[in-house]
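For reference, the structure discussed in these notes is given below.
The values are calculated or read from the model by the stated rules, or taken from the named source; none is laboratory data. Treat the numbers as computed from the prediction; the structure is a model and nothing was measured. Here the Cβ is made from the backbone with ideal geometry for all residues, glycine too, and neighbour counts use every protein chain on show.
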Amino acid sequence: MRTAILDDEPLARERLRDFLKRETDVELVGEYRNGTAFLRELTTSRPELVFIDVEMPALSGFDVIERMRSTSSLRPYVVFVTAFESYAVRAFDAEATDYLLKPFDAQRFARMLTRVRKLFARSSAPPNSTPDPKLMRVAVKTAGRIQFVRLDQVDWIEAAANYVRLHIGHGSHLFRGSMVALEQRLDPSRFVRIHRSTIVNVDRITEMHPSFAREHIVVLQDGTRLRLSPNYRDRLEALVEGL
């Protein structure tokens, strides 16, 4: 779960951070001292779970949630973290997932996280009426741990023998499987094959240049240059024109 912390108290942020470090299925995507910074980075951090204090300078926790819901389609799970019991009713009126009262212990934190995990798993499960759900995330093994990678964060995908390599920024992850099998599970409005060994996230494409022998070069936002085979050019152009 992509997780963000919003609290103006450094010690409170540190305590939450320490608890979250123990969880292998949680990725901390941002820490913020005020609501303005959190809202400014919302489209890039894209949290799925937010821990948020109530009383903060300028924007309260409730102000932040109201602005987020009025300006963005993102609906992360919200856990209010505060030293005041008096806000509990208002927090649940705001559809908070949970309410942690400072100081909380490890057991209370674990109960909260169990609740969030159940809700997250339920919302991520494909409906029974969908015979072939599109893949949203994959599990990859890294240094003996299992890491969950969201596919909307992937820039491009490369064939690697019995694996595929998921490129994300300057890093990459190996995922066991074939390009054909993976392509069938990807969202066709977001991912397109441009070569027999390459699939690209169309949102990351910035330019396309002619090359030799009818091939083209696709340039991504980070400067990565990929070959576009003539056999796949029509697919890419049709998808880009439809965006």
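Do we find that Arg46 is surrounded by fewer than 17 Cβ atoms within 10 Å (Cβ to Cβ) and not assigned by TED's automatic domain parsing to the domain that holds Ile146 in this structure?
Judged against the criteria, Arg46 is not a match.
Please work out which one of (1) over 28 Å from Thr142 (Cβ atoms); (2) surrounded by fewer than 17 Cβ atoms within 10 Å (Cβ to Cβ); (3) without any contact (Cβ under 8 Å) to a residue 24 or more places away in the chain is the condition Ser189 fails and give its number.
Going through the list (1) over 28 Å from Thr142 (Cβ atoms); (2) surrounded by fewer than 17 Cβ atoms within 10 Å (Cβ to Cβ); (3) without any contact (Cβ under 8 Å) to a residue 24 or more places away in the chain, Ser189 breaks only (3).
Which residues, counting only those in the stretch 211-226, are within 24 Å of Gly169 (Cα to Cα) and modelled with pLDDT under 90?
Matches in the stretch 211-226: His216 only.
Being out of contact with any Ser or Thr (no Cβ under 6 Å at 6 or more places or on another chain) and surrounded by fewer than 16 Cβ atoms within 10 Å (Cβ to Cβ) narrows it down to one residue among Arg13, Arg2, Arg17; which is it?
Arg17
Has the stretch 18-30 got any residue that is in a helix (DSSP H, G or I), assigned by TED's automatic domain parsing to the domain that holds Val81 and under 19 Å from Ala96 (Cβ atoms)?
Quick first cut of the stretch 18-30, residues in a helix (DSSP H, G or I) only: 18-21.
Then keep just the ones that are assigned by TED's automatic domain parsing to the domain that holds Val81; that gives 18-21.
Keeping just the survivors that are under 19 Å from Ala96 (Cβ atoms) gives 19-20.
There is at least one residue in the stretch 18-30 that is in a helix (DSSP H, G or I), assigned by TED's automatic domain parsing to the domain that holds Val81 and under 19 Å from Ala96 (Cβ atoms).
Taking strands (runs of 3 or more DSSP E) that fall entirely within the stretch 136-243, which contain at least 1 residues that are of a type in the set (Phe, Trp, Tyr)?
145-150, 156-160, 163-168, 171-176, 191-195
Identify all residues within the stretch 130-186 that are among the β-branched types (Val, Ile, Thr) and either without any contact (Cβ under 8 Å) to a residue 60 or more places away in the chain or at positive phi (or both); write none if there are none.
Result: Thr130, Val138, Val140, Thr142, Val149, Val154, Ile157, Val164, Ile168, Val180.
Could you please let me know if Gly171 is under 18 Å from the mean Cα position of the chain (by Cα) and surrounded by fewer than 14 Cβ atoms within 10 Å (Cβ to Cβ)?
On the way: under 18 Å from the mean Cα position of the chain (by Cα): yes; surrounded by fewer than 14 Cβ atoms within 10 Å (Cβ to Cβ): yes.
Yes.
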